[in-house]
1. Output the number of residues of region 275-300 satisfying the condition of being farther than 17 Å from GLY312 by Cα and not in a loop (DSSP other than H, G, I, E, B).
2. Out of the residues in region 109-130 meeting the condition of being within 26 Å of the chain's Cα centre (by Cα) and surrounded by fewer than 16 Cβ atoms within 10 Å (Cβ to Cβ), tell me which one is nearest to GLY196 (Cα to Cα).
3. So which residues in region 148-166 are assigned to a strand (DSSP E or B) and among the acidic types (Asp, Glu)?
4. Kindly state which helices (runs of 4 or more DSSP H) lie completely within region 180-264 and contain at least 2 residues that are at pLDDT 95 or above and crowded, with 17+ Cβ neighbours inside 10 Å.
5. Return a yes/no flag: does region 312-324 have any residue that is surrounded by 14 or more Cβ atoms within 10 Å (Cβ to Cβ), closer than 19 Å to LEU252 by Cβ, under 30 Å from the mean Cα position of the chain (by Cα) and among the hydrophobic types (A, V, I, L, M, F, W, C).
6. Select, from ALA171, ALA142, the only residue that is crowded, with 16+ Cβ neighbours inside 10 Å and out of contact with any Phe, Trp or Tyr (no Cβ under 8 Å at 6 or more places or on another chain).
7. Mind checking which residues of region 242-284 are without any contact (Cβ under 8 Å) to a residue 12 or more places away in the chain and over 24 Å from SER223 (Cα atoms)?
Amino acid sequence: MSTVLSGIRVLDFGRYIAGPYCACLLGDMGADVIRVEKRGGSEDRWTSPIAEGGEGSLFMQVNRNKRGITLDPRSDEGREVVKRLVATSDVVVANLPPQTLESMGLDYATLIESKPDIILATVSAYGHGGPWSHRVGFDGVAQAMSGAMYLTGHEDEPMRLYYPWVDFTTAMLTAYGTMAALMERQRSGRGQQVEGALLMSALTVGNGTLIEQDVIQSNRVASGNRGQIAAPSDCFRTKDGWVLVMAIGQPLFERWTRLMGEDHWLSDPRFADDISRGNHGEFVSERMARWCEPRTTEECLAELDAARIPAGPVYSPQEALDHEHVRAMKFMVPVDYPGLPKPAPVADTPVRLSETPGGIRHRAPVLGEHTDEVLAEIGYDEAAIVALRASAVV
């Protein structure tokens, strides 16, 4: 079966999540992705180690479907290797500061000297052109600055979400932009620069709340798990665990009142619409909590499902992995890697195409696994490769 990006070559100079996962998604759709990292391995290779060699769990996920080479791009010989790689490539992905891009010959002005129609996909914390553009940042910083942390947790303690949602959102948006740039190049023959930014992604996800704040000055504060724009929208303890229940919209609220045996709530002006119910959500949550308390999680979910009210169990990571639906849908793909005691459950391509699906074709590369192979493809013979190794270029 054909893949969408077959024949497209991507050079991945990314680190950690936003850049590497952007390139990974392109690889899932068939692109030949070459991950370029330092001779001793880049820092993100060793985060949360799980393999005997020290490779980390995140590395396994965001670097599948890639070939791996090592390179010092700041040496003269290394810059020549970069030029040759760029000349044979379609996309360069790099989440590095502008000054670092320039020192490595990866800024757009330098890249187009080697490949006039190249597409450069960059990711930074704040984007280029503003007073904070020179600063560095991670996912958590964008969570903090977008208002997300302020509204998560409790009023007296801002809370960061454990999963790095800003990084992954930025990676997906940058991959989307890169695909659009590839489509434009097909039409016009022009390359261009694609720019993603962590803070821009976080502000995008929170834009509805930010619009509300600007227009009506709602001045919301954190309220734990209880939602503020509808009810019930909260997390509730059961006899043996927790469930999250969300009813948004009048039809769902009407079904909820019938389930509770509280039809009279429908004539109470405090619960006349979603925003009113959100404003008085503590009363709705209290009633829902009393309903959940004597029931098991399974009993709660069965009755809520019968009433067609969205709800789900609060799972530990292991319970999420073991869930029957996760397994039946094959959301996770077992992928082996040298030094692992067993194959790792790597999340499959998060969007499915009926005719040209993406997918995981091979594991992440071990350090420098494809260096000789890739160098040979761009014209280096065996003696030249030996010389590059002797000079500590690769």
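The values are calculated or read from the model by the stated rules, or taken from the named source; none is laboratory data. It should be emphasised that the depicted structure is a prediction, and the values quoted were computed from it without experimental measurement. We place every Cβ from the backbone using ideal geometry, glycine too, and count neighbours over all the protein chains shown.
1. Residues flagged as farther than 17 Å from GLY312 by Cα and not in a loop (DSSP other than H, G, I, E, B) within region 275-300 amount to 12.
2. Step one: of region 109-130, the residues within 26 Å of the chain's Cα centre (by Cα) are 118-130.
Adding the requirement that they be surrounded by fewer than 16 Cβ atoms within 10 Å (Cβ to Cβ) leaves 128-130.
Values: HIS128: 10, GLY129: 13, GLY130: 14 Å.
Among them, the one singled out is HIS128.
3. From region 148-166, those assigned to a strand (DSSP E or B) are 153-154, 157-158; that's our starting set.
Within region 148-166, just GLU157 meets the criteria.
4. Details: elements: 198-205, 207-216, 250-260.
In region 180-264, the matching helices (runs of 4 or more DSSP H) lie at 198-205, 250-260.
5. Scanning region 312-324 turns up no residue that is surrounded by 14 or more Cβ atoms within 10 Å (Cβ to Cβ), closer than 19 Å to LEU252 by Cβ, under 30 Å from the mean Cα position of the chain (by Cα) and among the hydrophobic types (A, V, I, L, M, F, W, C).
6. Working: ALA171 fails: out of contact with any Phe, Trp or Tyr (no Cβ under 8 Å at 6 or more places or on another chain).
Testing whether each residue is crowded, with 16+ Cβ neighbours inside 10 Å and out of contact with any Phe, Trp or Tyr (no Cβ under 8 Å at 6 or more places or on another chain) leaves just ALA142.
7. PRO251, GLY261, ASP263, HIS264, SER267, listed by residue number.
Conditions (1) within 24 Å of PRO73 (Cα to Cα); (2) in contact with a Lys or Arg (Cβ under 6 Å, 6 or more places away or on another chain); (3) touching a residue at least 24 places away in the same chain (Cβ under 8 Å), marked per residue:
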{"residue": "GLU102", "(1), (2), (3)": "yes, no, no"}
{"residue": "ILE119", "(1), (2), (3)": "yes, no, yes"}
{"residue": "ALA125", "(1), (2), (3)": "yes, no, yes"}
{"residue": "THR152", "(1), (2), (3)": "no, no, yes"}
{"residue": "ASP156", "(1), (2), (3)": "no, no, no"}
{"residue": "VAL166", "(1), (2), (3)": "no, no, yes"}
{"residue": "THR170", "(1), (2), (3)": "no, no, yes"}
{"residue": "LEU182", "(1), (2), (3)": "no, no, yes"}
